[in-house]
Amino acid sequence: MTTFSVHESPTALHDSYGRHLHYLRVSLTDACNLRCIYCMPEDIVFRPPATLLQDDEILTLVRVAASLGVDKIRLTGGEPTVRRGVVDLVRNIKAIPGIKTVAMTTNGIKLAELARPLAEAGLSAVNISVDSLDPEKFRRITRRGNLNDVWRGIEAVAAAGLTPIKLNCVVTRGFNDEDVVDLARLTLDHPWEVRFIELMPFGGTAGFQQEQIVPSAETRRRIEAALGPLTPVPGHNGHDPARPYRLAGARGIVGFISSVTEPFCEGCTRLRLTADGKLRLCLLRDDEVDLLAPLRAGADFETMRQIFAEAAYRKPWGHRLEQNEIARSREMSQIGG
Ligand code: SAM
């Protein structure tokens, strides 16, 4: 039983370990226009829209979070760009007092049409997921995607000034472990950050995923064997999960997100709001607190602040993959990464 009271800490969220939580990832939908092999089963059934947070509910919960010191929002999914009204949502979230940045993680498929309106609505940055530069492999991993759409999306993002551009690649053994070289090579000519993410085991697909994990050290060796040494970039912000490196003469950065082999829980400042209104306290643990039910039951703003702050206080230290504890209640696509 926690003795935490929101009145003790009215404007800054902390957990019981003293971590300052000021970053909320908001999943706008569990639906996606791709079916990436490591993210969701092929026959996934998406939730009925009425069970998901409505626009006004998202705005209320972000207002609650902002009143407690959250200043950074990242919109994710599913695929955030498939949510109807996403541009207005960005504009309205950005207008909430206290919110300094609104960013998005997306597969980029719809960015050719949406990059400019999103930028005009106040979006500050996008991370685009792209796991291979080979159109066939890209289709195999995403089970349906067209790589050209992503390229057009990246061009649109650059034209709209949504920079710096970050590209996310989940490295999956047998699918794209060799493609990391071509992706890292992009940083020679482009001022982009290409980030290699270790596959994380989740939900129903965990068995498959565990066998497919490629440690960052292996990815790094493969890139260095082909492109030369990667030198650490000084001044790494401990709250950024990606450890930054640079190839000789490169304009951009190669980052490694090693959630499995080198966890960074100590620097974690994140909370996650699932599309069905649960506050997820750690990506890789099943601990969640329902915010939608009290909201729909008529809880007032102060009560919601108290529920939110108490939940945040109970954020677990970190994942327990080494103890073989795998979060099974949801797929990654239902949390948002
Ligand atoms: N649809 C958007 C996208 O593709 O970026 C946003 C949602 S997706 C769940 C967010 C990020 O999680 C993506 O970069 C994706 O590659 C990554 N991801 C999904 N499943 C993962 C897993 N099992 N392990 C590691 N990263 C994963």
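The values are calculated or read from the model by the stated rules, or taken from the named source; none is laboratory data. Keep in mind that this is a model prediction, so the values were computed, not measured. Neighbour counts run over all protein chains shown; Cβ positions are idealised from the backbone, glycine included. All accessible areas refer to the heavy atoms of the entire protein, side chains included, with ligands and DNA or RNA removed. Shrake-Rupley method; radii C 1.70, N 1.55, O 1.52, S 1.80 Å.
Are there any pairs with C-beta distances below 6 angstrom linking a residue in the stretch 208-227 that is modelled with pLDDT of 95 or more to a residue that is open to solvent by 60 Å² or more (accessible area, probe 1.4 Å), with the two at least 6 apart or on different chains, and if so which?
From residues that are modelled with pLDDT of 95 or more, the pairs are 214/173; 215/261.
In the stretch 323-337, which residues are open to solvent by 10 Å² or more (accessible area, probe 1.4 Å), more than 9 Å from the ligand (Cβ to nearest atom) and over 15 Å from residue 263 (Cα atoms)?
Listed by number, the residues that qualify are 328, 329, 330.
Do any residues in the stretch 37-60 that are open to solvent by 40 Å² or more (accessible area, probe 1.4 Å) have Cβ atoms under 7 Å from those of residues that are basic (Lys, Arg), where the two are at least six apart or on different chains, and which pairs are they?
These pairs meet every condition: 42/35; 42/143.
Taking the options 142, 172, name whichever one is of a type in the set (Ser, Thr, Tyr), surrounded by 21 or more Cβ atoms within 10 Å (Cβ to Cβ), within 19 Å of residue 254 (Cα to Cα) and within 16 Å of the ligand (Cβ to nearest atom).
Details: 142 fails: within 19 Å of residue 254 (Cα to Cα).
Just a single option satisfies the conditions, and that option is 172.
Kindly provide the set of residues from the stretch 61-85 that are within 16 Å of the ligand (Cβ to nearest atom) and open to solvent by less than 10 Å² (accessible area, probe 1.4 Å), ordered by number.
Within the stretch 61-85, 73, 75, 76, 77, 79, 80, 81 qualify.
Starting from the stretch 321-336, keep only residues that are part of a helix (DSSP H, G or I), then list their pairs with residues that are of a type in the set (Ser, Thr, Tyr) and away from the ligand (no atom under 11 Å from the Cβ) whose Cβ atoms are within a distance under 7 Å, requiring at least 6 positions of separation or different chains.
334/274
Hey, does the stretch 39-54 have a residue that's within 25 Å of residue 157 (Cβ to Cβ) and either among the hydroxyl-bearing types (Ser, Thr, Tyr) or within 16 Å of the ligand (Cβ to nearest atom) (or both)?
Just the residues of the stretch 39-54 that are within 25 Å of residue 157 (Cβ to Cβ), to begin with: 39-40.
Next cut, either among the hydroxyl-bearing types (Ser, Thr, Tyr) or within 16 Å of the ligand (Cβ to nearest atom) (or both) only: 39-40.
The answer is yes; a qualifying residue exists.
Restricting the stretch 261-319 to residues that are touching an Asp or Glu at 6+ places or on another chain (Cβ under 7 Å), part of a loop (DSSP other than H, G, I, E, B) and aliphatic (A, V, I, L, M), which is farthest from residue 46 (Cα to Cα)?
Looking at residues that are touching an Asp or Glu at 6+ places or on another chain (Cβ under 7 Å), part of a loop (DSSP other than H, G, I, E, B) and aliphatic (A, V, I, L, M), I get 281.
Name the residue that is least open to solvent (accessible area, probe 1.4 Å), counting only residues in the stretch 182-211 that are more than 9 Å from the ligand (Cβ to nearest atom) and within 17 Å of residue 262 (Cα to Cα).
196
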